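The values are calculated or read from the model by the stated rules, or taken from the named source; none is laboratory data. What you see is a predicted model, and the numbers here were worked out from it, not measured in a lab. Ideal geometry is used to build each Cβ from the backbone, glycine not excepted, and the neighbour counts take in all protein chains shown.
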Amino acid sequence: MDLCNTKTSDTHILSELVAREVFDVLPEQGPMLVIMDREGNCWPSHPEEFARLGISDTFLQDLRAKVDDGAEPVITQVGEASVTVAQLATDQTNCGYVVVILPRYSPESTLTNIDLVETLLNQITLIARLVEKTGTLTRGHTNHYSGLAFSVN
């Protein structure tokens, strides 16, 4: 088995695992994050607050399309919050998208702090890479040890 070519085939599972890891380290009063897989399934860090924003699936689909067309990150306004959308990808997998929602920010104030937003996006990408590599190594070890069990018998 070539571990270098092994990757997570189900982006849904990878996106969900990334969301769990990222949300565990988010400060309570920090930015709201949403991890979305390629099909548009969402994992919001603050589900109730995200629901209150009333962002429609069509609106999110339009933002994803803009990112897919190369406009990245996409920054827009929803009510009283600035919304930034970027691609979430590892070296092996296009996982989907990351949405950073900053309450009480305008797109202009987000642009003023774009270095911090991009740092956050890069950290989430790093977490995705580590989650994917951990899964690859785990599968490799499992396959290796299951192969040893068969060769011993």
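Before moving on, here are some points about what is shown:
Yes/no matrix, rows are residues, columns are (1) outside any strand (DSSP E or B); (2) out of contact with any Pro (no Cβ under 8 Å at 6 or more places or on another chain); (3) modelled with pLDDT of 95 or more; (4) more than 21 Å from GLU16 (Cα to Cα):
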| site | (1), (2), (3), (4) |
| --- | --- |
| LEU63 | yes, yes, yes, no |
| THR76 | no, no, yes, yes |
| THR84 | no, no, yes, no |
| GLN87 | no, yes, yes, no |
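- Among (1) more than 18 Å from VAL22 (Cβ to Cβ); (2) touching a residue at least 60 places away in the same chain (Cβ under 8 Å) - the single one ALA51 does not satisfy: (2)
- Residue count for region 99-109, restricted to those that are more than 19 Å from GLU39 (Cα to Cα) and part of a strand (DSSP E or B): 3
- Taking residues in region 82-98 that are farther than 10 Å from ASP37 by Cβ, and partners anywhere that are of a type outside the set (A, V, I, L, M) and crowded, with 24+ Cβ neighbours inside 10 Å, the pairs with Cβ atoms closer than 8 Å and at least 6 places apart or on different chains are VAL85/TYR97; ALA86/TYR97; GLN87/GLY96; GLN87/TYR97; ALA89/CYS95.
- When the residues of region 89-104 are filtered to those that are modelled with pLDDT of 95 or more and either aromatic (Phe, Trp, Tyr) or more than 16 Å from the chain's Cα centre (by Cα) (or both), the one that is surrounded by the most Cβ atoms within 10 Å (Cβ to Cβ) is TYR97.
- Taken as a whole, region 129-145 holds no residue that is part of a helix (DSSP H, G or I), among the polar types (S, T, N, Q), modelled with pLDDT of 90 or more and over 22 Å from ASP37 (Cα atoms).
- Just so you know, in region 19-58 the residues that are part of a helix (DSSP H, G or I) and touching a Ser or Thr at 6+ places or on another chain (Cβ under 9 Å) include one that is surrounded by the fewest Cβ atoms within 10 Å (Cβ to Cβ), and it is PHE23.
- Cross-chain or 6+ apart pairs with Cβ under 6 Å, region 65-80 first and within 18 Å of GLU39 (Cα to Cα), then in a helix (DSSP H, G or I) and of a type in the set (D, E, K, R): none
- Taken together, the residues in region 14-36 that are more than 22 Å from ALA65 (Cα to Cα) and free of Cβ contacts under 8 Å to residues at least 60 places away in the same chain amount to 9.
- Filter result for THR8 (at pLDDT 95 or above, among the hydroxyl-bearing types (Ser, Thr, Tyr) and either outside any loop (DSSP other than H, G, I, E, B) or over 13 Å from the mean Cα position of the chain (by Cα) (or both)): no
- Positions within region 65-74 being in a helix (DSSP H, G or I) and touching a strand residue (DSSP E or B) at 6+ places or on another chain (Cβ under 6 Å), in sequence order: LYS66, VAL67
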